[in-house]
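The values are calculated or read from the model by the stated rules, or taken from the named source; none is laboratory data. In this text the structure is predicted, and so the values were computed from the model without any measurement. Cβ placement follows ideal geometry from the backbone for every residue including glycine, while neighbour counts extend to all protein chains displayed.
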Amino acid sequence: MRRTVVFFLTQFLLWALVSQANHELTPWGIALFLGGLFVGLSALTFDRREALVGALAAGFLHDVGTPLPFGTHALAFAAAVVFIQHVRHRLNRHEGLVTVMVILITNLGLFLVISAVALRLLPDADRLTSRVFSDLIASQIVLALVSPWFLALQTQALRLGGCATSPETAAHG
C-alpha cells in the first residue's frame, strides 16, 4: 500500500506540472497530454492490483479537470494497464528505452481514445481535427523528453519511501 501512495504522490506532482504547463500554453492553442507516464512504469513493474489502483487514482485525478464524463480517463488508464500487463512478459522491462517506448505508444493510444470520446461529444468536431493532431505531436515530443526524468523521479521516490523492493522497479533508475 505504501508503494501505491508514494507512486500516486509522484503522479500528483506530474499532474500539477502538466496542468500548469497547459495553462501557460493556452495562448498558443496547445494542450499537452502525458497519460502514458501515469500508467507506464506501474503497468510494467507492479502487480495488477497495485497498477490498477494507481491507474484509477490517476485517471480520477484527470477526470476532475475535464468536461468529459467522470470516469473516462480512469477507465482508459485502467484498460491501458491491463493491456500492457498482458504483453509485458514479451518486453525487456529492464531497458529504459523500452520503458520509454511503451510509454510513448501507450500515450498515443490513450490520446486517440480520449480525443475520440471528446470529439464525439462536440457538435462541430470537424474543425478541431488539426488541433488534435498538433496537440498529439506536441505531447509526444514533450513526453519523449520528460519520460527519462520522470521515471528516475518515480524510482528515486520509491527508494526513498522504502518500497522499491522488486528488482524491476530498481532497474529503471
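Does Phe83 meet the test of being within 16 Å of Gly109 (Cα to Cα) and either touching a residue at least 60 places away in the same chain (Cβ under 8 Å) or more than 12 Å from the chain's Cα centre (by Cα) (or both)? Working first, answer last.
Numbers: within 16 Å of Gly109 (Cα to Cα): yes; either touching a residue at least 60 places away in the same chain (Cβ under 8 Å) or more than 12 Å from the chain's Cα centre (by Cα) (or both): yes.
Answer is yes for this residue.
Would you mind telling me which numbered condition in (1) surrounded by fewer than 18 Cβ atoms within 10 Å (Cβ to Cβ); (2) in contact with a helix residue (DSSP H, G or I) (Cβ under 8 Å, 6 or more places away or on another chain); (3) in a helix (DSSP H, G or I) Thr99 fails?
(1)
Let's see how each residue does on (1) farther than 29 Å from Leu91 by Cβ; (2) at pLDDT 90 or above; (3) in contact with a helix residue (DSSP H, G or I) (Cβ under 8 Å, 6 or more places away or on another chain):
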position: Phe12; (1), (2), (3): no, yes, yes
position: Pro27; (1), (2), (3): yes, yes, no
position: Phe33; (1), (2), (3): no, yes, yes
position: Ser42; (1), (2), (3): no, no, yes
position: Ala58; (1), (2), (3): no, yes, yes
position: Leu61; (1), (2), (3): no, yes, yes
position: Gly65; (1), (2), (3): yes, no, yes
position: Leu68; (1), (2), (3): yes, no, yes
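Which number in (1) part of a helix (DSSP H, G or I); (2) modelled with pLDDT under 90 marks the one condition that Leu104 misses?
Only one criterion in (1) part of a helix (DSSP H, G or I); (2) modelled with pLDDT under 90 is unmet by Leu104, namely (2).
Checking Arg88 against (1) in contact (Cβ under 8 Å) with a residue 40 or more places away in the chain; (2) under 16 Å from the mean Cα position of the chain (by Cα), only one condition comes out false. Which one?
Unmet for Arg88, out of (1) in contact (Cβ under 8 Å) with a residue 40 or more places away in the chain; (2) under 16 Å from the mean Cα position of the chain (by Cα): (2).
Within the stretch 20-39, identify whether any single residue is touching a Phe, Trp or Tyr at 6+ places or on another chain (Cβ under 6 Å), surrounded by 22 or more Cβ atoms within 10 Å (Cβ to Cβ) and not aromatic (Phe, Trp, Tyr), and answer yes or no.
Among the residues of the stretch 20-39, at least one is touching a Phe, Trp or Tyr at 6+ places or on another chain (Cβ under 6 Å), surrounded by 22 or more Cβ atoms within 10 Å (Cβ to Cβ) and not aromatic (Phe, Trp, Tyr), which makes the answer yes.
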